1. Does residue D:172 fit the bill of being under 30 Å from residue D:268 (Cα atoms) and either assigned to a helix (DSSP H, G or I) or more than 9 Å from chain C (Cβ to nearest Cβ) (or both)?
2. Every residue in the range C:38-75 that is in contact (Cβ under 8 Å) with a residue 12 or more places away in the chain and under 24 Å from residue A:267 (Cβ atoms), please.
3. Please specify each residue of the range B:142-169 satisfying the condition of being in a strand (DSSP E or B) and more than 14 Å from chain D (Cβ to nearest Cβ).
4. Considering (1) touching a residue at least 60 places away in the same chain (Cβ under 8 Å); (2) of a type in the set (A, V, I, L, M); (3) open to solvent by 30 Å² or more (accessible area, probe 1.4 Å), say which one residue A:251 fails and leave the rest.
5. Quick check on my filter: what residues within the range A:179-222 are hydroxyl-bearing (Ser, Thr, Tyr) and out of contact with any helix residue (DSSP H, G or I) (no Cβ under 6 Å at 6 or more places or on another chain)?
6. Residues in the range B:200-209: is at least one in contact with a Ser or Thr (Cβ under 7 Å, 6 or more places away or on another chain) and more than 10 Å from every other protein chain (Cβ to nearest Cβ)?
7. Here are A:230, A:226, A:189: which of them is at pLDDT 95 or above, away from chain B (no Cβ under 12 Å) and buried (at least 20 other Cβ atoms within 10 Å of the Cβ)?
8. Any idea which residue in the range B:254-273 is least open to solvent (accessible area, probe 1.4 Å), counting only those that are part of a strand (DSSP E or B) and farther than 17 Å from residue B:157 by Cβ?
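The values are calculated or read from the model by the stated rules, or taken from the named source; none is laboratory data. Keep in mind it's a predicted model, so treat the numbers as computed, not measured. FYI the Cβ positions are ideal-geometry reconstructions off the backbone, even for glycines, and counts take in every protein chain you see. Calculation scope for accessible area: heavy atoms of the full protein, side chains included, ligands and nucleic acids excluded. Shrake-Rupley method; radii C 1.70, N 1.55, O 1.52, S 1.80 Å.
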4 protein chains.
Amino acid sequence: MALTGPIVLTDHRYGKAENRVVRFHKENARHEIRDVNVSTTLRGDFEAAYTEGDQRHVLPTDTQKHTAFIFSKKPGLDTVEDYAIALAKHFVDTVDPVSSARIDVDSYGWQRVSIDGTEHDHTWVRQGPEVRTAAVTVAGTGAEQQSWVIGGIKDLVLLKSTGSEFADFLTDEYTTLAPTHDRVLATSLIVQWRFAETSGFDWDEVYDGIRATLLELFATTYSKALQQTLHAMGTAALERFPVLAEIRLSAPNKHHFDYDLAQFGLGNVNEVFWAADRPYGSIHATLARADAPEAGIAWQP
Amino acid sequence: MALTGPIVLTDHRYGKAENRVVRFHKENARHEIRDVNVSTTLRGDFEAAYTEGDQRHVLPTDTQKHTAFIFSKKPGLDTVEDYAIALAKHFVDTVDPVSSARIDVDSYGWQRVSIDGTEHDHTWVRQGPEVRTAAVTVAGTGAEQQSWVIGGIKDLVLLKSTGSEFADFLTDEYTTLAPTHDRVLATSLIVQWRFAETSGFDWDEVYDGIRATLLELFATTYSKALQQTLHAMGTAALERFPVLAEIRLSAPNKHHFDYDLAQFGLGNVNEVFWAADRPYGSIHATLARADAPEAGIAWQP
Amino acid sequence: MALTGPIVLTDHRYGKAENRVVRFHKENARHEIRDVNVSTTLRGDFEAAYTEGDQRHVLPTDTQKHTAFIFSKKPGLDTVEDYAIALAKHFVDTVDPVSSARIDVDSYGWQRVSIDGTEHDHTWVRQGPEVRTAAVTVAGTGAEQQSWVIGGIKDLVLLKSTGSEFADFLTDEYTTLAPTHDRVLATSLIVQWRFAETSGFDWDEVYDGIRATLLELFATTYSKALQQTLHAMGTAALERFPVLAEIRLSAPNKHHFDYDLAQFGLGNVNEVFWAADRPYGSIHATLARADAPEAGIAWQP
Amino acid sequence: MALTGPIVLTDHRYGKAENRVVRFHKENARHEIRDVNVSTTLRGDFEAAYTEGDQRHVLPTDTQKHTAFIFSKKPGLDTVEDYAIALAKHFVDTVDPVSSARIDVDSYGWQRVSIDGTEHDHTWVRQGPEVRTAAVTVAGTGAEQQSWVIGGIKDLVLLKSTGSEFADFLTDEYTTLAPTHDRVLATSLIVQWRFAETSGFDWDEVYDGIRATLLELFATTYSKALQQTLHAMGTAALERFPVLAEIRLSAPNKHHFDYDLAQFGLGNVNEVFWAADRPYGSIHATLARADAPEAGIAWQP
């Protein structure tokens, strides 16, 4: 099949990735910190830059960088979601060729240093590995304008030492795995949730609530498979937060293999494990409310 | 907006990621090596595993791992594309609940060690950082079966020391960037191309040809922007290889900033640069033949 | 200078690196977790393996791996220091050619999942990025046997938003830096402390105390330079823990640059910063008690 | 043992790490590139900065950064070793408190893009993963001045598909490894060589020669253990390059495990392997000429 049709530019986008903005609030002696990694992505009428090298519609990515920093000052960076909405809206509203803007934010956690039980005013220790994420898309202007907000968490590493099995699975000629009724379950979660609306509630409260829900369900669900655990986590998040339209969960199955100590005359009743790197199982699930508003371009990168 | 509709599992998939298969061919004294990282992803009738923890339809990811290794022996691993097609087809054809299978392969390059100009029979040195990629999807069985092959290259780091400018761009109140008519252009490319068919030509020959084309156009295109360079690279690849339906290019703009030596009484006419890490521009383009066959689920992860 | 003397094997060592041992204690419903990365290094009479390929003195690294896992079961893995001492002693005491053994342990932190304020019995969430480290060396047998224990912490990321300056520094013809009396101070610490003895106190208590001391001094020291801060941290640790012989601190100066918002008509009084990646300052200090016992081969890798 | 002696600052150093200097030579249409990562480390009379926060002796790391860039222009950056010598000498000779300076350089390889067999004048593709390294130390001034140069290579990944065994090793109660007379041998080498002098020969020629020697000996040595292979590589390098005083080799044993295909009714005569990540053997050797000049502080970080 030798194709001969004209060659068409079918999609394109550009932006500035990984602007490392650190914003302090110092109105009081007790400072506040926002430590974020911001990426901007613009879509719109930029074809001529590709086809002819014509930059007249292209706002430099250097300008986008400036804007990401500027907006942390004014209108400001309190919640990452409101900051990202304002930034996305700015590009769509003021830069003519832009038809839609997406802002991705990673937000790093810091814990105040405590000295003899008292929190310090301006010193923190980094918390991780988990990272809070947000992805905001704004498209169109005026009455036509639409916005989507996706919240999330990544690198949330969870482990339970019992309460997990894997048995009664399908087998074929290449299956050697023995069923087990007690194993370690561990994963490093990436979860994203799409909001049904973009204001009228407390972003941080919802984030904390979803995080607590994910942890709780991971702990309390007797797991017949990681699939089931993900489903339970996602369902509970949607049930408890009716402002959520949809939730996507990606989870590596971080295998912990029983170390064979019997060959050395020692017992090992699920006490000693080898934590393997690769390969790993990879499980994904998306759950949505049947009455959720359309996702539109919310998930477009 | 408090959503109250039923919660639905709208998408799911699972598999075994990053099986590090190394396959030698030793029929002759001159050995051959294939060094690959293989990930399997299955879609199909697996809902019950999520909703009820019922594994009866779930082929263990451990079995998928075995199969990835087994298939490197038989039918074998010569070209990564044919290997991936066979593996994907196996899952769809023999595992009843599977509706589609995707196989992702990273293939690492090795160069024979040369001793006084003679290539050694069984010793290699790793070549990189670039990695050859393939993503094969097979869906359906029998006469309905469809296959898609996406070839690619990633971590292909290119740099040119002149022949690049960035000027006459859009400005706004936050723009401070000075136009330049001579700059360093550097990127670390991720390129993927979708084939219009899945047999009837030499996979390795096409790969080598596309890689050479990408390098050539990067070098010879006078660049008014990375956008234009990507467009030129993609267009040339589609033009020269009519078996290609579509090509996607992702490119960080790895900024090299002129170091200000004038402040120290030294000239610096584009000789001394600071190679920055973050932030970086991020440019994306997709080009397709107008008469390309449908992509179907080829790009679904 | 053309050297013609005989070629001598002047140093050698070998071992098994990065054994990922996960050990649970399940005597009670409330499980305990120890998640460690263990590396073994043996020195001794292994020359013939190098010079003649004679393996008769070489205990396979595979055996060392087994031993690392076995010892987590028996004698057991409660504190990483005692586990490492037992493991090192085992190699020196029972493997004839071994003259000294070093065990390096990275220990990963896990926090119990809390549900409505109640800690879960067998589910944890990973804490980081900081990692507790230990490096134990045992040399010789019988009455001649010597042991050294080095405790430590790495990837401890600290930041203060004020209380730091850098001024009155040396200048030369290439100095352009402006002095500052209020800046962000941030670092990712690697600290190691050598113990004066290897028993008779509580390893975990000392670890917690040193960590708290490092955080406290970072917070409360008005910093005229990162050098001064490191010195204050190290001094306080030695003062408060007389069981410490020596402490080594390595600290990148993770630069946070004021973002120039004045050019956009906005003030920025140390509120908005760009967190840079590279280059970074790199500061190192070692402090010791004058009456500390000899380090011997404690710091040999 | 409660130590009570005074607390002493026993060692300290500081500098600017990872200055990413890219230097082009554009005298002719055929440009040349030098792409390096430079770290500076100063030792000397800096105690007061630690003990009192007195910066009067401290040359800012920002100035050291400038100097690294400036010196790539003048005196220039042709060979990394001469560049590093000049830079180290500058700090020792012109900055009074400095007693010794160490310059570490990683040098990244670039290959010219070839178009129809013709090399392009100003476009390159990155070669790797291997990296050339240099570590230069200069101490003292005037007639007392001493210099040491350490060359090296890192991330040199080598693999041979046969010609390697591991047998007749020491066993103990925990040994289960079966001897093998045909296995895959693979490693990612870090090698450093200390020069007996610092001028009078061609740095690049020696580098190319040592690299070729390492590859040749890895290929042609029938390996009874990685130890033996390292010894053969190091010995040959010292023999062929009498300007070398000493060579240090560090090598992970990147295990490739035979995949058990017999359980699936398939043969596998060293054809199909699983490339494991962790744990890995870790082998180290240092060889030196008996008449080598003293290392002094050459290996001090």
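1. When the stated conditions are applied, residue D:172 does not pass them.
2. Within the range C:38-75, C:38, C:40, C:62, C:64, C:65, C:67, C:68, C:69, C:71, C:72, C:73 qualify.
3. Answer for the range B:142-169, where residues must be in a strand (DSSP E or B) and more than 14 Å from chain D (Cβ to nearest Cβ): B:146, B:147, B:148, B:149, B:150, B:151, B:152, B:166.
4. All conditions are met except number (3).
5. Within the range A:179-222, A:180, A:187, A:188, A:198, A:199, A:207, A:220, A:222 meet the criteria.
6. Within the range B:200-209, one or more residues are in contact with a Ser or Thr (Cβ under 7 Å, 6 or more places away or on another chain) and more than 10 Å from every other protein chain (Cβ to nearest Cβ).
7. A:189
8. B:272
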